[in-house]
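One structure is given here, and the rest of the page talks about it.
Derivation of every value follows stated rules applied to the coordinates shown; laboratory data play no part. Keep in mind the model is a prediction, meaning the values are calculated, not measured. Neighbour counts are summed over all protein chains in view; Cβ atoms, including those assigned to glycine, are modelled from backbone coordinates with ideal geometry.
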Amino acid sequence: MALRSLDVSHNKLAALPTSLGRATRLHTLSAASNRLRGVPRELLEGATALVALTLSDNGVTMQQLLEVPGFEAYQARRKGRLDKIVDAKLGADFDEGIDYERFHRH
Amino acid sequence: MQGLHKLRCSHNALSGAGVPWTTLGLLPALEQLLLDHNTIAAVGPCICQATALRVLDLSHNALTELPPDLGALARLESLDLSRNQLSALPDSLGAVFDGLGGKGWGEGLVGSEGLEVEVRRIRGWVWRDFIKTRCEECQTTRSFATHPLSARPPTRLTPTLPTLATL
């Protein structure tokens with residue numbers, strides 16, 4: 001699929017399909033306010049264009065995310081993008097993606 | 001209607017039954033379909049045949065499930081399903097027809113002559129997702145010449161399905 005943007009926020013999703021890991025053009029995934037307990041490793045490892053992942057208001061903890069293989073790579077991609085953009089969204093909050101350092105400041 | 005690019009029916013009181021999914025699935029140029037802010041509880045599977053779709057907005061409805069073959073919309077770039085009642089997403093999302101080197105299915109072949117060749121090539125395979133997308137409930141027999149098959153079969157294949165003969 002050519003999927004670049006997917007918004008599934010405010011539903012009752014218990015999980016995201018692993019097939020999203022093959023959406024190699026997926027840039028933005030909004031999944032806030034669901035019933036997620038994690039994200040599939042296939043998504044973080046396979047969706048290599050993903051730079052904006054919103055998971056607020058779910059049951060996912062930062063610790064859980066850190067343990068998902070591929071999360072570090074996702075973070076690196078996202079930080080790389082932010083470094084290039086350099087705008088007011090630097091150090092964006094949890095809703096703007098997942099910023100590890102800011103999360104840990106709280 | 002064949003040339004319709006964009007259809008916006010946002011902010012109405014459309015129920016799923018009020019949307020002509022069969023017709024929409026047959027519009028070869030339909031790229032944007034905006035049905036947000038309605039009362040749609042179910043999407044007709046025929047929509048998966050509208051393979052020109054790039055933007056599909058079904059946000060703010062009452063969806064509880066989606067057609068399993070939504071992934072057949074190989075050109076879909078933006079999908080908004082927010083503010084519904086979905087408890088799961090189709091396993092096809094992002095995956096079904098992605099083995100085409102960036103091309104959507106349908107870009108591999110154009111014209112009936114190429115189609116015949118392709119059908120011979122895939123005969124014997126079971127293209128489960130494709131067949132299901134054939135809209136059994138609509139009972140439509142479409143010309144696949146205008147929506148030709150992809151150059152390669154998708155990766156998700158199952159070994160048996162007798163109705164493939166209808167191709």
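Cβ crowding within 10 Å, taken as a proxy for footprinting-reagent exposure, orders B:ILE40, B:ILE47 from fewest neighbours to most as B:ILE40, B:ILE47.
Pop the C-beta distance of A:GLU72 and B:GLN85 into the FRET formula with R0 = 41 Å and round what comes out to the nearest 0.05. That gives a FRET efficiency of 0.75.
The Cα center of segment A:52-69 and the Cα center of segment B:33-96 differ in position by 25 Å.
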